[in-house]
Amino acid sequence: MIYTREDAGRGLLPRRARGAMAPACLLLALCLFGRPCAAAEEWRVVRGVVQDDRGAALPHATVRVKGTNAGTETNAAGEFSLRLREGRHALVASHVGFEPMERATGDDGDVIVFRLSRALNDLEEVVVTGTRSERPLKDAPVITRVITSEDIRRLNPLDLQSLLEYELPGVQFGRHHGTGLPTLTFQGMDAGYVLFLVDGERVAGEGAADNVDFNRFDVDNIERVEVVRGAMSTLYGSNALGGVVNIITKDVRRRLAGSASATVSSRDERKYAASLGARRGGFSTLTSGSYRTREPFSLADAEGTTTVYETAGGRDSVVTGTPGKTDVSGYRVWQVNEKLGYNFNERLSVAATGSYYSFRRSYLASLNNKKADLSDEYSVGARAKYIFNENHILELSYNRDHFDKYIDYVLTGRKEHTYRDVLNNARLAYSLSPGERHHIVAGAELNTERLMHYMFRDTAANEVQNYVYYLQEEFRAMEGLSLVAGARLDYHSEYNLHVSPKVSAMYRRGAFTFRGGFATGFRSPSLKELYSEWDHQGMFTLLGNRDLKPEVSRQYSLSAEVNRGIFNATVSGYVNRFERKIVLQDVVDDNGDYFMVNMNSDEAKTAGIDMTARARFPFGLGLRASYAYVDDYAEVDGRNRSSVRPHTATFRAEYGQDIGKVRAHASLSGRWMCSVNVWSLNQGTGIYYYQKNAARSNWKLNLAGEFPRGISLMAGIDNIFNFKDKNVTGDTYASLSRGIDYMLTLSIKI
């Protein structure tokens, strides 16, 4: 946490706050750490200004004291002041879109001037996910993709799904065939292999099967998104075989900050958001909330589903069905988030978080059946951080996430409780740097889950515990070369001890950076995969399997990056091999009853290549293009039954310019996915057939103006080329676009 002390006439903390927030036991603990009492220290005020390379003031720049919690934010004139202990201190000034700068404090009365140069790329963006420690993106030893606050602001998405689709090639969203809720695949792996975190903490609950509820992520409260590809087993463990998506939420850095925004679209979607935060002395608070709504609608197919059947004579039989209609549910989502923080001094800080989320799903009359689906979630967390110095940091945290689902029978007023998922996570982590060439992260975790599910017999509840120890060291072996090695020990209540090692390396020479690594992953079967026993309307029975073995994976990755002036490009390749992968297999017993049973299969494999190129010109123009190829060959009898589209691409062009006192900005974003043939087997006839999922593309244009007094206006056109899938009923990965959508957003910042 960062605190501001601009009033030179007061102590580090007001006396009343000291009495209320620092009881005797805490003071005793601080004495044990060797910290002298504040009253015995001598203090002085350090003042300065942060400017750009032309000498213009940079308001809202962050200035922090290196190796401590202390810091502040510049005012409208770019000025700052900090009350510090006597002695020399290293100050670091940073601002979005600029290169950070470090300066040392001088004699009393000196005014420190920071002149920040404009950044030509995002490589100075600070990330934490890959190593659980802050560092610039260019120095991250693992392949990491960052969606910055600027990316989010320029795209202006309504939800997290839209943000990921436009920003990450290799991401594919579809609809669950039963619920119609969003499902995700990333680099050939479904959502069960992608670990979603909020500020480094796991989240409970699901929307569609094995997918988190994507609606619960408030896009207006996101500061940035960090995406780490591949098995991050050392630091994150179970469910991270395919990658980690860490959503970093906003914080307050100024004395008073507030915002309000409203977005309306021509397709009956609306979003409202507001936040209010303050920072005074060592105390900070930020409250944010949002409300989103969309009415249900219906999509008619332009043509029927085309199915190609394999025949014994070698001639395929092509059958075109009758065009259908797909009803798409509406929703009402509202949520509120709270962050509280307190810095007892520049070393010790504590924080508490809380959130509440409510989701109500509505249907058209044809699907209504006089009921609605409800979900709600609340989470609470606490964190304490002690900075011995910039090379030794101790952190303790606890988080509880509670997620429920109901069916609301509107006419009778009865609610049926169908689902409850409760996660408890406690973690102790220690980061130390013994010398300039070593950085070590060690930690212990306790993760518990208790799940009540309608697919369990008698809607019973089951639970599991996992005890974790991890250790990772980064070693700078020589100039430009860093080596990382680590291991994670999972002691699972069902599967006992499992060790997951990982090694990686980063080498930088001139404008080129190379990264490579090998990581193993471990995923224990989920509670649903173990305990399900559910009759699906008499058609089949879905069965869990208590004899399942954990999945393990081996990932190999290699990347090359070039960074020269305004140009940056990256190409990376990966191979994931899975052993004992858990799949649903069809089983027919002697009585002819049909079951779908979770079973361990033979080895499976996914592989792929990602390429990204970007350029940022000094006159305000920025270009970025990304391409992903995924080889997810799920072979059955020589036929590929994967629905993953092998080729995807994204593109963005943006231009910004100051016109008087108005900052004008325009951006064009696009995404494209190729077609794919998806094979299936008719259980009754034993005949294979495939359906062709067509290629698709979507483009979005945004025009924005930032006016004085914090007023911003953005006009957008989504799907500017009016693309519509010709068949939505037969393709669960078809887009739900109704054509061109016009959007307008008005926001005000304090």
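The values are calculated or read from the model by the stated rules, or taken from the named source; none is laboratory data. Everything quoted here is computed from the prediction, not taken from an experiment. Positions of Cβ are backbone-derived with ideal geometry, glycine not excepted, and every protein chain shown enters the neighbour counts.
Could you please let me know if VAL336 is touching a residue at least 40 places away in the same chain (Cβ under 8 Å) and assigned to a strand (DSSP E or B)?
The answer is yes for VAL336.
Between a residue in segment 390-403 that is at negative phi and touching a residue at least 24 places away in the same chain (Cβ under 8 Å) and any residue that is among the charged types (D, E, K, R) and exposed (fewer than 15 other Cβ atoms within 10 Å of the Cβ), which pairs come within a Cβ distance under 7 Å, given they are 6 or more apart or on different chains?
GLU390/LYS66
Could you list, in sequence order, all residues of segment 736-750 that are in a loop (DSSP other than H, G, I, E, B) and surrounded by 20 or more Cβ atoms within 10 Å (Cβ to Cβ)? If you could, list the steps in order and put the result at the bottom.
We begin by selecting, within segment 736-750, every residue in a loop (DSSP other than H, G, I, E, B); these are 736-740, 750.
Result: no residue meets the conditions.
I'm trying to understand the selection: among the residues of segment 664-693, which are over 30 Å from ILE711 (Cα atoms), part of a strand (DSSP E or B) and among the hydroxyl-bearing types (Ser, Thr, Tyr)?
SER680, TYR688, TYR689, TYR690
Filter segment 520-533 down to residues that are of a type in the set (Gly, Ala, Ser), within 20 Å of ASN466 (Cα to Cα) and touching a Gly at 6+ places or on another chain (Cβ under 9 Å), then give me how many there are.
Taking segment 520-533 and keeping what is of a type in the set (Gly, Ala, Ser), we get 521, 524, 526, 532.
The next check asks that each one be within 20 Å of ASN466 (Cα to Cα); those that pass are 521, 524, 526.
Still in the list and also touching a Gly at 6+ places or on another chain (Cβ under 9 Å): 521, 526.
Count: 2.
Find all pairs meeting these conditions: Cβ atoms under 9 angstrom apart; at least six residues apart or on different chains; first residue within segment 100-113 and over 11 Å from VAL63 (Cα atoms) and of a type in the set (S, T, N, Q); second residue loosely packed, with under 15 Cβ neighbours inside 10 Å and at pLDDT below 80.
Hits for this filter: THR105/GLY87.
Quickly run through segment 704-735 and pick out the residues that are on the phi > 0 side of the Ramachandran plot and assigned to a loop (DSSP other than H, G, I, E, B).
ASN719, ASN722, listed by residue number.
If a residue must be surrounded by fewer than 21 Cβ atoms within 10 Å (Cβ to Cβ) and among the acidic types (Asp, Glu), how many such residues does segment 210-227 contain?
The qualifying residues number 2.
Output the residues belonging to segment 472-491 that are touching a Phe, Trp or Tyr at 6+ places or on another chain (Cβ under 8 Å) and not aliphatic (A, V, I, L, M).
Of everything in segment 472-491, those that are touching a Phe, Trp or Tyr at 6+ places or on another chain (Cβ under 8 Å) and not aliphatic (A, V, I, L, M) turn out to be GLY480, SER482, GLY486, ARG488, ASP490, TYR491.
From the list ALA300, ALA273, which one is aliphatic (A, V, I, L, M) and under 23 Å from the mean Cα position of the chain (by Cα)? Even if it seems obvious, please write down each step before you answer.
Values: ALA300 fails: under 23 Å from the mean Cα position of the chain (by Cα).
One residue alone meets the criteria, ALA273.
How about segment 241-254: which of its residues are part of a loop (DSSP other than H, G, I, E, B) and at pLDDT 80 or above?
Within segment 241-254, LEU241, GLY242, LYS250, ASP251, VAL252 qualify.
Need the failing condition index for PHE578 against (1) farther than 18 Å from ALA240 by Cα; (2) in a strand (DSSP E or B), just the number.
For PHE578, the exception is condition (1).
Out of ARG546, ARG515, ARG564, report the one residue that is in contact with a Leu (Cβ under 9 Å, 6 or more places away or on another chain), among the basic types (Lys, Arg) and surrounded by fewer than 20 Cβ atoms within 10 Å (Cβ to Cβ).
ARG546
Test TYR470 against the stated conditions and say whether it is touching a residue at least 40 places away in the same chain (Cβ under 8 Å), more than 30 Å from PRO618 (Cα to Cα), buried (at least 20 other Cβ atoms within 10 Å of the Cβ) and hydroxyl-bearing (Ser, Thr, Tyr).
Taking the combined requirement at face value, the residue satisfies it.
Picking from TYR272, TYR236, which residue would you name as being part of a strand (DSSP E or B), more than 22 Å from ASP632 (Cα to Cα), free of Cβ contacts under 8 Å to residues at least 60 places away in the same chain and out of contact with any Gly (no Cβ under 6 Å at 6 or more places or on another chain)? Reasoning before the result, please.
On the way: TYR236 fails: part of a strand (DSSP E or B).
The conditions single out TYR272.
Among the residues of segment 121-179 satisfying the criterion of being assigned to a helix (DSSP H, G or I) and at pLDDT below 85, which is nearest to GLU706 (Cα to Cα)?
Applying the filter and picking the extreme gives LEU137.
Going by what's in this entry, would GLU395 be described as farther than 26 Å from PHE283 by Cβ and in the same structural domain as GLY281 (by TED's automatic domain parsing)?
On the way: farther than 26 Å from PHE283 by Cβ: no; in the same structural domain as GLY281 (by TED's automatic domain parsing): yes.
In short, no.
Taking the condition under 27 Å from LEU137 (Cβ atoms) and either within 23 Å of the chain's Cα centre (by Cα) or among the acidic types (Asp, Glu) (or both), does LYS250 pass? Can you show your working first?
Details: under 27 Å from LEU137 (Cβ atoms): yes; either within 23 Å of the chain's Cα centre (by Cα) or among the acidic types (Asp, Glu) (or both): yes.
Against the criterion (under 27 Å from LEU137 (Cβ atoms) and either within 23 Å of the chain's Cα centre (by Cα) or among the acidic types (Asp, Glu) (or both)), LYS250 qualifies.
Just one of the numbered conditions (1) touching a strand residue (DSSP E or B) at 6+ places or on another chain (Cβ under 9 Å); (2) of a type in the set (S, T, N, Q); (3) at pLDDT below 90 is not true of ASN563; which one?
Just one mismatch for ASN563, condition (3).
Against the definition (of a type in the set (Lys, Arg) and under 22 Å from PRO182 (Cα atoms)), how does ARG279 come out, yes or no? Walk me through how you get there before you give the answer.
On the way: of a type in the set (Lys, Arg): yes; under 22 Å from PRO182 (Cα atoms): no.
Criteria not met by ARG279.
If you check GLN465 against the conditions, is it surrounded by fewer than 16 Cβ atoms within 10 Å (Cβ to Cβ) and at positive phi?
It is false that GLN465 is surrounded by fewer than 16 Cβ atoms within 10 Å (Cβ to Cβ) and at positive phi.
Do we find that LYS502 is in contact with a strand residue (DSSP E or B) (Cβ under 8 Å, 6 or more places away or on another chain), of a type in the set (Lys, Arg), in the same structural domain as VAL194 (by TED's automatic domain parsing) and not in a strand (DSSP E or B) in this structure?
It is false that LYS502 is in contact with a strand residue (DSSP E or B) (Cβ under 8 Å, 6 or more places away or on another chain), of a type in the set (Lys, Arg), in the same structural domain as VAL194 (by TED's automatic domain parsing) and not in a strand (DSSP E or B).
Could you list, in sequence order, the residues of segment 630-683 that are among the basic types (Lys, Arg) and either surrounded by 20 or more Cβ atoms within 10 Å (Cβ to Cβ) or at pLDDT below 80 (or both)?
Scanning segment 630-683 gives ARG639, ARG641, ARG645, ARG652, ARG671.
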